[in-house]
Amino acid sequence: MSNPTTEAGCGNALFAELGEFIEGQSKGRDALIPILHKAQDLFGFLPVDVQEFVAAKMGLPVGEVYGVVTFYHYFTMQPRGRHTVNVCLGTACYVRGAQKVVEALTEELGVKMGETTPDRRFSLTTQRCFGACGLAPVIMVNDDVHGRVTPKKVAAILARYE
Amino acid sequence: MAIKLTIDNQPVSVADGATVLEAAQATGIKIPTLCHLDGVSSPGSCRVCLVEIEGARTLQPSCVTAASEGMVVKTTSKTARQARKLSVELMLANHPWDCNACVRNGECDLQKLAQDMGIAEVRFPYVKPATPIDQSTDALVRDMDKCVLCRRCIGVCQDVQGVGTLAPRNRGFDTIVGSGAGDNLCDAICVQCGQCSAVCPVGAIYEKDSIEDVWGALDDPSKHVVVQTAPAIRAALGECFGLEPGTCVTGKMVTALRRLGFAKVFDTNFTADLTIIEEGHEFLTRLKKALADGDASVKLPMFTSCSPGWINYMEYFYPNLIPNISTCKSPQQMFGALAKTYYAEKQGIDPKDVVVVSIMPCTAKKFECERDEMNASGFQDVDYVLTTRELGRMIKQAGIDFLSLSDGEQDSPMGMSTGAADIFANTGGVMEAAIRTVYEVVTGRELPMDRLHVAPVQGLQGLKEAELTFQNCLDDWKFLEGVTAKVAVAHGLANARKVCEMVASGEADYHFVEVMCCPGGCIGGGGQPRLTSNDVRNARIKAIYAEDEGRPMRKSHENPAITQLYKDFLGQPLGHKSHELLHTGYAAKQPAATS
Ligand code: SF4
Ligand code: SF4
Ligand code: SF4
Ligand code: FES
């Protein structure tokens, strides 16, 4: 498969580093997960061309690599935005209307959960309980906790992050 | 060491390491299964084979549970029956139950399980979100809504074929069988062998249907529609009508095709014989250049080229071997090229009105006939390919009572063939057919082997080798005096890979290698009636050898229709016309993930 990122200059240094890392690992399937961790650390996410690179280097079918990437929530094929918006879907938040907040966020940003806005400003994710149930419903933007969020407040919160 | 256990109150003794399922089978006790595939894989995921084992806390899947000394197994207890039924009910809850419109209606493992277990209604609502049907390749259709996640296709694609196109992706409720890293099979490295479709228990992977196209051609009075049948069809088609595997139905098949309205019923065997003449001469020419002329540019071993799945595999994974691959087209494509030139000319028919239909055991043949280079006649040489399964369906659609048909005979000239062509159907057959002719060309004597069989290359062992020493050669071939030719035969692409690696590393010094993509060869092709187990493979192979031995002519160079073809049309083997019509070239495809 043609591999634009590897051929074009931009990612070459990263691919070279990943290549070296792979050489240093044991041969065989067992090394796949640590290698994907490394790749995600380097690239920030695991686009298909990175997966193809890993597959080719390891002598594995790309479908198998893809299977592992899509199996573990830790791995993402989406580039991360500059800011990560994390909505708590724990019981307390859920009961107090977190779902409405999710709707407001997806509408405001125009992307679905797990996605990143085209301008790479925000990535949208969810999590089970931040342990701030007293403030439910809660969202976190990067490391900032925002409590008692209502759909109406969403736009104002996002506006604080450039 | 033998292990003794009790299954349904019957004492059973099995070898150490056997599973409970195997122990039950050895006693004639049938436990239902779905994901388990003999000799390939048992992911133990479907839980259709649950049994009760005394002392075990929960029910155990018998296909992955080892039998142990003193074990007491119950397969028919209420708990076991109910648990198995629930497994199937849960599967059905994730399944669009539209059997009437499904390609597998009446021959579906899930449908059969539901029937056997007495499931009359589905208690759970259908909630699976619809996935678009993947029709992106010429050979296969994937309808993942019907998939029951048994993973048989994955086991075959990864382990038997070693291609690894298919893999599970996502998790839990979202799990599906993915191809490569994209949505469509055409974007993945897939050789289109169809082995996945041959093992799928339901209507989730199947051949792309060409039946309507063929009916269209047959119903068009301006078309002259001829048909060729691959050597492997006759040993398997009967299974579509309930006959035992290994029942040869050549005569009935011919009559059925005539009844369907084909103008001529020809035989791919004819061009299988022709392949032996062309490929045999190509092999001898390579030997001469390499051994007598010292021409280092000639590559040995020469690999056979009749299997389009193998050609795909080679183009993806081992393009360095391209100079080693015989330039002969497959018999199917040789047939198409000649039907629209030689035959059309002889009959005085405009080749544009000739439609060539192939009946093939193979889904990759559907892809092959669409390859850009397969139009030597000035038209697409082969118009439509039907698998054995499709032909079975077409005969049923026509309302023909197959079993009561009388035997017919193929038309001449392109229906005449020898026993050497029959055995193209199975692993080792092309090699044996080639050796029968090559030996006789070189020495002027018949191959001195029992019933003309090259025993070491027969059978289902994955990789087979044989040696053949030329003695008392004819004058033209003196350079071969005392030379021992080493040949190898591989079937199933995982075995082909082993040969390719050995050749690439220089570890093997073969002269000639036969590769068939599918396990067992074409008789085990991806388009054959389901389910092809090793027992079925052996039965079909036996039928093919019986067909061969029953023939008056058993060597390709004895086929008078082939002699006539060279006299009237082609000139000589490897001549100008042959090169134009019967030979081809190959090109590397996208670099494979494993290169
Ligand atoms: S796959 Fe089987 S059960 Fe499902 S719709 Fe088709 S025939 Fe019916
Ligand atoms: S056609 Fe063959 S290579 Fe392609 S997915 Fe199926 S088994 Fe794998
Ligand atoms: S596609 Fe067929 S063989 Fe493959 S997992 Fe699904 S049901 Fe099983
Ligand atoms: S057949 Fe045993 S778990 Fe599927």
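The values are calculated or read from the model by the stated rules, or taken from the named source; none is laboratory data. Just so we're clear, the structure is a prediction, and the values are computed from it rather than from any experiment. Every residue, glycine among them, receives a Cβ derived from its backbone with ideal geometry; neighbour counts consider all protein chains shown. What goes into the accessible areas is simple: the full protein's heavy atoms, side chains included, and nothing from ligands, DNA or RNA. Shrake-Rupley method; radii C 1.70, N 1.55, O 1.52, S 1.80 Å.
Could you list, in sequence order, all residues of the range B:7-32 that are away from ligand 1 (no atom under 16 Å from the Cβ), in a loop (DSSP other than H, G, I, E, B) and in contact with a Leu (Cβ under 7 Å, 6 or more places away or on another chain)?
Matches in the range B:7-32: B:Ile31 only.
Does any residue of the range B:148-166 turn out to be of a type outside the set (Phe, Trp, Tyr), assigned to a strand (DSSP E or B), more than 16 Å from ligand 1 (Cβ to nearest atom) and within 14 Å of another protein chain (Cβ to nearest Cβ)?
yes
Just one of (1) at the interface with chain B (Cβ under 10 Å from one of its Cβ atoms); (2) of a type outside the set (Phe, Trp, Tyr); (3) touching a helix residue (DSSP H, G or I) at 6+ places or on another chain (Cβ under 9 Å); (4) buried (at least 19 other Cβ atoms within 10 Å of the Cβ) trips up A:Gly11, so point out which.
Single failed check for A:Gly11: (1).
Please go through (1) within 16 Å of ligand 1 (Cβ to nearest atom); (2) in a helix (DSSP H, G or I); (3) within 14 Å of chain A (Cβ to nearest Cβ); (4) not aromatic (Phe, Trp, Tyr) for B:Val177 and return the number of the only condition it doesn't satisfy.
The one condition B:Val177 does not meet is (2).
Is it the case that B:Cys186 is surrounded by fewer than 23 Cβ atoms within 10 Å (Cβ to Cβ) and either within 29 Å of B:Ile523 (Cβ to Cβ) or at the interface with chain A (Cβ under 9 Å from one of its Cβ atoms) (or both)?
Answer is yes for this residue.
Let me confirm something: among B:Pro43, B:Pro32, which residue is surrounded by 16 or more Cβ atoms within 10 Å (Cβ to Cβ), within 14 Å of chain A (Cβ to nearest Cβ) and within 12 Å of ligand 4 (Cβ to nearest atom)?
Testing whether each residue is surrounded by 16 or more Cβ atoms within 10 Å (Cβ to Cβ), within 14 Å of chain A (Cβ to nearest Cβ) and within 12 Å of ligand 4 (Cβ to nearest atom) leaves just B:Pro43.
When only residues in the range B:119-144 that are open to solvent by less than 20 Å² (accessible area, probe 1.4 Å) and within 15 Å of ligand 1 (Cβ to nearest atom) count, which is farthest from the chain's Cα centre (by Cα)?
B:Ile119
Tally up the residues in the range A:31-82 that are in a helix (DSSP H, G or I) and farther than 16 Å from A:Leu14 by Cβ, please.
16
For the range A:57-75, which positions are in contact with a helix residue (DSSP H, G or I) (Cβ under 8 Å, 6 or more places away or on another chain) and crowded, with 19+ Cβ neighbours inside 10 Å?
Result: A:Met58, A:Leu60, A:Pro61, A:Val62, A:Glu64, A:Val65, A:Tyr66, A:Val68, A:Val69.
Assuming B:Cys517 fulfils every condition listed in (1) over 12 Å from the mean Cα position of the chain (by Cα); (2) open to solvent by less than 40 Å² (accessible area, probe 1.4 Å) apart from one, which condition is it?
Exception for B:Cys517: condition (1).
Can you tell me which of (1) away from ligand 4 (no atom under 16 Å from the Cβ); (2) modelled with pLDDT of 95 or more is the one B:Thr65 doesn't meet?
Only one criterion in (1) away from ligand 4 (no atom under 16 Å from the Cβ); (2) modelled with pLDDT of 95 or more is unmet by B:Thr65, namely (1).
Is there a residue in the range B:85-108 that is in contact with a Phe, Trp or Tyr (Cβ under 6 Å, 6 or more places away or on another chain), part of a loop (DSSP other than H, G, I, E, B) and within 16 Å of ligand 1 (Cβ to nearest atom)?
yes
With the checklist (1) in contact with an Asp or Glu (Cβ under 8 Å, 6 or more places away or on another chain); (2) crowded, with 24+ Cβ neighbours inside 10 Å in hand, flag the one item B:Leu166 doesn't pass.
(1)
Looking for whichever is at positive phi, open to solvent by 20 Å² or more (accessible area, probe 1.4 Å) and either more than 16 Å from ligand 4 (Cβ to nearest atom) or within 20 Å of the chain's Cα centre (by Cα) (or both) here; the options are B:Gly194, B:Gly180, B:Gly246. Which one fits?
B:Gly246
Among the residues of the range B:453-478, what is the count of those that are among the charged types (D, E, K, R) and either in a loop (DSSP other than H, G, I, E, B) or farther than 20 Å from B:Leu287 by Cα (or both)?
Qualifying residue count, the range B:453-478: 1.
Within the range B:454-467, can you find the residues that are open to solvent by 20 Å² or more (accessible area, probe 1.4 Å) and closer than 13 Å to B:Arg436 by Cα?
Across the range B:454-467, the qualifying residue is only B:Ala455.
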